[in-house]
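**Q** Here it is, the structure in full.
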Amino acid sequence: MSTAAVFKKLNTAVITGGASGIGLALAKKCVGYGMKVLVADWDAKNLEAAKLSLGQDASTIQMDVSKLEDWSKLKSQVVQDFGGRINLLALNAGVSGKTSFDDPDPSGFQRILDTNLYGVLNGITTLLPLVKEKSSTASPAAIVITGSKQGITNPPGNPAYNASKAAVKALAEHLSYDLRGLRPAVAVHLLVPGWTWTGLAGAAGGGPKPAAAWAPEQVVQYLEAKMAEGQFWVLCPDGDVTVAMDRARMLWNANDAVLGRPPLSRWREEFKGEFQAWMEREQK
């Protein structure tokens, strides 16, 4: 599906987590094309600033993506403002935070899963009927779901976040498969950013962007290019990690099960030398 089919004047976009970071950069791109944009976010201060920066073609709604009643309100606004038509649905809202199985309080796990996993699932179940009903070859739609490399390579240290993004990857894959008969009217893309300078990565602290980190605008530009290619997988590199490095790491991780290695072998001392040799060989 051509990018121009979605990023088009007077088309519509609904973006969760759209008041900052990658979501805001995507909203700005849509407005730049002359699209009508509805930005959803839980942070009222960021929403106010986003509204000012996006201008009259954007509206905002404060919501908690983990709550179905908030999604019902958003759906009503989509029907009222856009006649129910959604050309771009970006399920981008996410949170992070360290979690550990040594912590007897499960609230940290619950918070991350509620937002990262159920925020996506709630969005699909609430808005997919509108997307399917209003899309056509003349007015196609795209669903962009923001995942994470941590949901694929599963590095140790943050089990709740990794689990939430692994589940989001599975949802996106199934959604793409289930909607295959509707292409090119509805396409699904899994956005997997690299190191991106957003609030989750430390940008909220106000420090300078590290040279190796991508700006959110770079991620959105890469997303647009991959959407133009019709790619489901939008695996973004960054200043430190190349596409070849990502592929080699993912292959190693998948081979744990295939070869019967212990899980997360990449980070185990006894596999350190073998992993380094693998990376060197796979990137040649």
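**Q** Are there any pairs, at least 6 apart or on different chains, whose C-beta atoms fall under 7 Å, with the first in segment 127-139 and closer than 15 Å to PHE82 by Cα and surrounded by fewer than 18 Cβ atoms within 10 Å (Cβ to Cβ) and the second among the aliphatic types (A, V, I, L, M) and at pLDDT below 95, and if so, which?
**A** LYS132/LEU182
**Q** Further question on the same structure: Assuming LYS284 fulfils every condition listed in (1) over 20 Å from GLY23 (Cβ atoms); (2) free of Cβ contacts under 8 Å to residues at least 40 places away in the same chain; (3) under 20 Å from the mean Cα position of the chain (by Cα) apart from one, which condition is it?
**A** (3)
**Q** Follow-up. For segment 1-36, what are the residues that are of a type in the set (Val, Ile, Thr) and at pLDDT below 95?
**A** THR3
**Q** Do any strands (runs of 3 or more DSSP E) lying entirely in segment 4-102 carry at least 2 residues that are of a type in the set (A, V, I, L, M, F, W, C) and crowded, with 21+ Cβ neighbours inside 10 Å, and which ones are they?
**A** Where strands (runs of 3 or more DSSP E) fall fully within segment 4-102 and carry at least 2 residues being of a type in the set (A, V, I, L, M, F, W, C) and crowded, with 21+ Cβ neighbours inside 10 Å, they are 12-16, 36-41, 88-91.
Yes/no per residue for (1) closer than 18 Å to SER100 by Cα; (2) modelled with pLDDT of 95 or more; (3) in contact with a strand residue (DSSP E or B) (Cβ under 8 Å, 6 or more places away or on another chain):
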{"residue": "SER148", "(1), (2), (3)": "no, yes, yes"}
{"residue": "PRO156", "(1), (2), (3)": "yes, yes, no"}
{"residue": "PRO159", "(1), (2), (3)": "yes, yes, no"}
{"residue": "ALA163", "(1), (2), (3)": "yes, yes, no"}
{"residue": "ALA166", "(1), (2), (3)": "yes, yes, no"}
{"residue": "LEU171", "(1), (2), (3)": "no, yes, yes"}
{"residue": "ASP178", "(1), (2), (3)": "no, yes, no"}
{"residue": "LEU182", "(1), (2), (3)": "no, no, no"}
{"residue": "ALA185", "(1), (2), (3)": "no, no, yes"}
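**Q** Moving on. Is it the case, given these coordinates, that SER139 is under 16 Å from ALA13 (Cβ atoms), of a type in the set (Ser, Thr, Tyr) and assigned by TED's automatic domain parsing to the domain that holds LEU89?
**A** So SER139 passes the test.
**Q** Testing PHE109 on (1) in contact with a helix residue (DSSP H, G or I) (Cβ under 7 Å, 6 or more places away or on another chain); (2) on the phi < 0 side of the Ramachandran plot; (3) not in a helix (DSSP H, G or I), one condition comes back false. Which one is that?
**A** Here PHE109 meets the rest and fails (3).
**Q** Could I ask something else about it? Considering only segment 165-283, give the helices (runs of 4 or more DSSP H) lying wholly within it that have at least 1 residues that are exposed (fewer than 12 other Cβ atoms within 10 Å of the Cβ) and either among the charged types (D, E, K, R) or touching a helix residue (DSSP H, G or I) at 6+ places or on another chain (Cβ under 6 Å) (or both).
**A** 272-282
**Q** Still on this structure, please answer the following. Using the structure shown, decide if LEU54 is modelled with pLDDT of 95 or more, over 24 Å from ASP178 (Cβ atoms) and assigned by TED's automatic domain parsing to the domain that holds VAL234.
**A** Yes, satisfied.
**Q** Answer with yes or no whether ALA142 is in contact with a Leu (Cβ under 7 Å, 6 or more places away or on another chain) and among the small types (Gly, Ala, Ser).
**A** In short, yes.
**Q** Then there is this: Conditions: (1) basic (Lys, Arg); (2) in contact (Cβ under 8 Å) with a residue 12 or more places away in the chain; (3) closer than 21 Å to GLY151 by Cα. LYS209 meets all but one. Number of the miss?
**A** With respect to (1) basic (Lys, Arg); (2) in contact (Cβ under 8 Å) with a residue 12 or more places away in the chain; (3) closer than 21 Å to GLY151 by Cα, LYS209 is out only on (3).
**Q** Among LEU223, LEU259, LEU264, which is the only one that is outside the structural domain of HIS174 (by TED's automatic domain parsing) and in contact (Cβ under 8 Å) with a residue 24 or more places away in the chain?
**A** Within the list LEU223, LEU259, LEU264, the selection yields LEU264.
The values are calculated or read from the model by the stated rules, or taken from the named source; none is laboratory data. These numbers were taken from a predicted model, which means no experiment stands behind them. So basically every Cβ, Gly included, is an ideal-geometry build from the backbone, and we count neighbours across all protein chains shown.
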